[in-house]
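Worksheet: one structure, shown below.
The values are calculated or read from the model by the stated rules, or taken from the named source; none is laboratory data. Here the structure is a predicted model, which means the values were calculated and not measured. Here Cβ is always computed from backbone atoms with ideal geometry, including for glycine, and neighbour counts include all displayed protein chains.
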Amino acid sequence: MSGFDPLLAQQKLMGPWCGRPLDDLGVLRVLNETGSKPPLFWICNAGHEPKTLAETLGDDQPLVFSRSAHLIVPPDQDQQPTRDTLTRYLAREVVRNFDGGAFDIGTSCQGASMVMNLARILPSQGVQVHHLCLINCAIPPVETHRPALLIYGDQDVAHDPFSTDPAAAKARAVAAYSRYRRVVLPVGHGQFYSPAILPDILSQFAGFRDAPVSDRSVMAEASSPTVG
């Protein structure tokens, strides 16, 4: 790993990705940039995801996106130093491009650590983070102080910490988020960006963001099989 530069690796992997680069390396990009809505920021794992996400969101929703550390570091090695390097770089570039702005942030699978650390870092640097959408993600030990919608699939319980250890998952979620809602959808691993599922995910996220204040205090204590 001597001399390894994760930013250059990320630049190479994102070379053929869609979107207009917002930084010199091309690892922070935008789609639907003429839209009038506040931008949504997303950490993706694969090149098709931002295109599918932008199309599903519609032209009026700007999508700012980058890529997780997926495939940059071999699975038998510690990926956290690479994730931290990418996160620090993205934080600088987001602030440079959107100083004084605000985002909702989302990701799936491997992007959880980066998104949660961005939610912790960005407000101190002048960019507010409102809500998180975490799809099929573990719950890293990061206190975001932000509300989070947690999406899992009923055909992929191995990646749902609430299915494997409900008490521990709830304790981690309570520590990590100011409030949270867990939703389980009829989907398997790798299918969350499909045309049949992604609109439901985005609808769930919109409902979570727009929930009346009277509904918010009970989100983390809800006992439904699909909400917890």
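Brief remarks on what is shown
- A residue that is of a type in the set (S, T, N, Q) and within 15 Å of the chain's Cα centre (by Cα) can be found somewhere in the stretch 137-146.
- Test set (1) under 26 Å from Glu143 (Cα atoms); (2) at pLDDT 95 or above - Thr164 fails condition number: (2)
- Residues in the stretch 91-136 that are acidic (Asp, Glu) and in contact (Cβ under 8 Å) with a residue 60 or more places away in the chain: Glu93, Asp104.
- Of all residues in the stretch 97-116, those satisfying the criterion of being assigned to a helix (DSSP H, G or I) and either more than 29 Å from Gly188 (Cβ to Cβ) or of a type in the set (Lys, Arg) (or both) are Asn97, Phe98.
- Exactly one residue out of Asp104, Asp84 is closer than 19 Å to Arg181 by Cα and either out of contact with any helix residue (DSSP H, G or I) (no Cβ under 6 Å at 6 or more places or on another chain) or β-branched (Val, Ile, Thr) (or both), and it is Asp104.
- Filter pass, Leu198 being closer than 16 Å to His130 by Cα and either basic (Lys, Arg) or modelled with pLDDT of 95 or more (or both): no
- Whether a residue is of a type in the set (D, E, K, R) and modelled with pLDDT under 95 was assessed, and Asp84 does not pass this test.
- Filtering the stretch 118-161 to residues that are assigned to a helix (DSSP H, G or I), surrounded by fewer than 21 Cβ atoms within 10 Å (Cβ to Cβ) and not charged (D, E, K, R) leaves Ile121, Pro123, Ser124, Gln125, Val157, Ala158, His159, Pro161.
- Among the residues of the stretch 48-96, those identified as in a loop (DSSP other than H, G, I, E, B) and surrounded by 15 or more Cβ atoms within 10 Å (Cβ to Cβ) are Gln61, Pro62, Ser68, Ala69, His70, Ile72, Val73, Gln79.
- Within the stretch 15-27, the set of residues being within 20 Å of Val95 (Cβ to Cβ) and either out of contact with any Pro (no Cβ under 7 Å at 6 or more places or on another chain) or β-branched (Val, Ile, Thr) (or both) comprises Arg20, Pro21, Leu22, Asp23, Asp24, Leu25, Gly26, Val27.
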